[in-house]
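**Q** Below is the structure I would like to discuss, written out as structure tokens.
The values are calculated or read from the model by the stated rules, or taken from the named source; none is laboratory data. What you see is a predicted model; the values in this text were computed from it and never measured. For neighbour counting, all protein chains shown are included, and Cβ atoms are generated from backbone atoms with ideal geometry for every residue, glycine included. The area values use the complete protein model at the heavy-atom level, side chains included, leaving out ligands, DNA and RNA. Shrake-Rupley method; radii C 1.70, N 1.55, O 1.52, S 1.80 Å.
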Amino acid sequence: MRTMETKRQHRYLQKVLDKLARDDAKTKEVVLNGFRIGNEPDKMAQLAMSLVSNTHIKVLSLNNCSINSKGAHLLAYALDRNTSLDHVWLCDNQIGSSGAKAISTALARSQTLLSIGLANNVIGNSGGRVLAKAIATSQSIEDIFVEGNKMSPWIEDEITKICYGEESDEENEIEEFDACTVAETIVSMGFVDRALASIKEVEYESDSAEDDASTASSVSDGDIDFTSYYQRKREGKLSKLKKAVSRRVMRRKVKPGFE
């Protein structure tokens, strides 16, 4: 059954692509939601080239079509040259920030495109900022949907404000960090827990000449106070905290028989 359904979809897809290539006057709306065209580079290329010369299509819907950043670049090429499209839907794909940047170029120069849907496309802050600039430059875009991406809520809000002609918050300068960058930069209390868990035993040397044997003793969570490291000057770098922990542990004397 699945094979028959796949063949049926392929036949329908090819029929639509042929109509677009012929610039069929009756084909004004193309809805291919759920068709995994993104997994077929040749079909994506054929779609893009058909859109370049088509002068009748008004609506293109490609939601949930497995389109990645490469597919987005192909579509960006087509959108930059097409002069008839009013609405494009690309929600629930995986174009990422790279694909968003490519599409932004087309949006900034488009004279006809009124709306575009880019929700749930793993677009990060860098892609969001470029989209915001493109919307501000565009002479035609009236609406854009970017919900469910990985960009900061502040950037998403900025895009919405620009799109609806509201005054943007220029005083709040948003740093261009994606989620992975933020995770690597911010020092959280979670690190303290991991650091404490890793400190199980501290080796020491006895001051007594009669006893030169080494002994290890556990260090409990209450033995080392990390609070001061967070309060003092708000040290934000992970390396500084690591050095501070290391120095504190090395200076501490652990006496035999005490835990």
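**Q** Which value, in debye to the nearest 20, describes the size of the charge dipole of region 88-168 about its Cα centre when Lys and Arg Cβ atoms bear +1, Asp and Glu Cβ atoms bear -1, and nothing else is charged?
**A** Its charge dipole is roughly 400 debye.
**Q** Return the subset of LYS101/LYS161; LYS19/LYS150; LYS58/LYS101; LYS15/LYS70 for which the Cα-Cα distance in this structure is over 31 Å, preserving the input order.
**A** LYS19/LYS150
**Q** To continue, here is another question. Per-residue accessible area for SER97 at 1.4 Å probe radius, Å² rounded to 10?
**A** About 20 Å², ignoring ligands and nucleic acids.
**Q** Placing +1 at every Lys and Arg Cβ and -1 at every Asp and Glu Cβ, with all other atoms neutral, what dipole size does region 50-133 have around its Cα centre, in debye to the nearest 20?
**A** Taking the Cα centre of region 50-133 as origin, the dipole is about 240 debye.
**Q** Mind listing the long-range amide H neighbours of TRP89? Cut-off is under 5 Å, sequence gap 5 or more, other chains count too, H placed in the peptide plane at 1.01 Å from N.
**A** Under 5 Å from the amide H of TRP89 lie the amide H atoms of LEU60, SER61, LEU62, GLY117, each far enough along the sequence or on another chain.
**Q** Could you tell me which residue out of VAL30, ALA45, THR3 lies farthest along the dipole of region 1-63 toward its positive end? Charges go on the beta carbon: Lys and Arg +1, Asp and Glu -1, centred on the Cα centre.
**A** Selected residue: THR3.
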